[in-house]
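The values are calculated or read from the model by the stated rules, or taken from the named source; none is laboratory data. No experiment lies behind these values; they were computed from the predicted model shown. Quick reminder, even Gly has a Cβ in these numbers, built from the backbone with ideal geometry, and neighbours come from all protein chains shown.
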Amino acid sequence: MKHLIDLTEWTKPELEKVFNYALAMKAHPEADFKPLKGKSVALYFEKPSLRTRVSFDIGIQELGGNTTVVEQFMAGIGTRESVHDVAHTLNGFVDAMVCRMFNHTVLHELRQWSDMTIINALTDFSHPCQIMADVLTLKELGLWKEGLVMTWVGDPNNVLQSWLEMALFYPITINISSPDIPTEFESWFQNPAMKDRIFWIHDPKEAVSVADMVYVDTWISMGQEAEAEARLEKYKDYSVNKELSGFMPEHAVMLHCLPAKRGQEVDEYTMEKFKSVIFRESENRLHVQKAIMAYLLSPVETEAFYQEHAVKY
Ligand code: CP
Ligand code: NVA
């Protein structure tokens, strides 16, 4: 059974298929495609969410499926009962489980006992659905090309992890502009697959000035609230504000996975300047996740839909 835990478990043809499906489904709402008819999906959240929760919930309904939201305090995975018993119970109720969790290892454990398709909706480690929506957005805008230079500015985190995993499949360059490189990211600099395609550029002005795309995320990810003061201090020179974004080339765009803390990692001016890209990126969570679920849960029907509704981009 195929899951979406990390992009490294997928292949490039599978990713391309999902991007194609997403574009076809987005372009053809009138087709009323219902590949999840008769299927149920549980949405499990240990952390807050706006985009992920709403886009999965609506997406499942649009595909003809049923959703049920499972709150952490209700299910108590690993506290009220074991991961194993939760998996066995839900196996009897639902076809898939979309999970936003703190601990990535628990997601792997859940998969081990699961007859359900497991989809990673963000963990402390990674956020694959977000990056798939980001790539879809760049494709739509005609910016997704070989040799694309992306500059990550700020805290190297779970979103960057999934971007690096995506970069294993596509020949893009990733610059990381941050005060230091956390130990968990060091191995990427030794990874032969990323040779001459990953750089640490300490100076954010230099880093954004060579970018086709600048990527920004919060400096305080969910679960790091106790470190807020130290993090605000650490990253204060890495705010993509009016001055810093002025160093971006004319053609470059900025993406932000949201939620944004205006006045911290980005300012009002820069958010407003790139808001059409950023909110397209946000909307594309819906379209790419519909494609992911259709592919994982009804691959034959989805391929048949695509053969009739393929779009060029
Ligand atoms: N980008 C993202 O995952 O947003 P939410 O935390 O609101 O789901
Ligand atoms: N890095 C952020 C992403 C939010 C979508 C977090 O984990 O909170």
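In segment 199-256, what residues are without any contact (Cβ under 8 Å) to a residue 60 or more places away in the chain and either assigned to a strand (DSSP E or B) or in contact with a His (Cβ under 7 Å, 6 or more places away or on another chain) (or both)?
Across segment 199-256, the qualifying residues are Phe199, Trp200, Met254, His256.
Which residues, taken from segment 182-232, are in contact with a helix residue (DSSP H, G or I) (Cβ under 7 Å, 6 or more places away or on another chain), away from ligand 2 (no atom under 16 Å from the Cβ), of a type in the set (A, V, I, L, M) and more than 23 Å from Leu141 (Cβ to Cβ)?
Met194, Ile198, Ile201
Can you pull out every residue in segment 110-125 that is away from ligand 2 (no atom under 16 Å from the Cβ) and of a type in the set (Val, Ile, Thr)?
Scanning segment 110-125 gives Thr117, Ile118.
Is it the case that Gln61 is within 16 Å of ligand 2 (Cβ to nearest atom), out of contact with any strand residue (DSSP E or B) (no Cβ under 6 Å at 6 or more places or on another chain) and farther than 17 Å from His3 by Cα?
Against the criterion (within 16 Å of ligand 2 (Cβ to nearest atom), out of contact with any strand residue (DSSP E or B) (no Cβ under 6 Å at 6 or more places or on another chain) and farther than 17 Å from His3 by Cα), Gln61 does not qualify.
Within segment 6-56, track down each residue that is in a loop (DSSP other than H, G, I, E, B) and within 16 Å of ligand 2 (Cβ to nearest atom). Write out each step before concluding.
Filtering segment 6-56 down to residues in a loop (DSSP other than H, G, I, E, B) leaves 6, 10-11, 28, 32-39, 46-50.
Those that are in a loop (DSSP other than H, G, I, E, B) and within 16 Å of ligand 2 (Cβ to nearest atom): Asp6, Glu46, Lys47, Pro48, Ser49, Leu50.
Return yes when Val311 is over 14 Å from the mean Cα position of the chain (by Cα) and modelled with pLDDT under 95 and no when it is not.
When the stated conditions are applied, Val311 passes them.
So, of the residues in segment 95-141 that are assigned to a helix (DSSP H, G or I) and among the hydroxyl-bearing types (Ser, Thr, Tyr), which turns out to be nearest to Asn157 (Cα to Cα)?
Thr105
Would you check if Ile181 is in contact with a strand residue (DSSP E or B) (Cβ under 8 Å, 6 or more places away or on another chain), over 20 Å from Asn284 (Cβ atoms) and outside any loop (DSSP other than H, G, I, E, B)?
no
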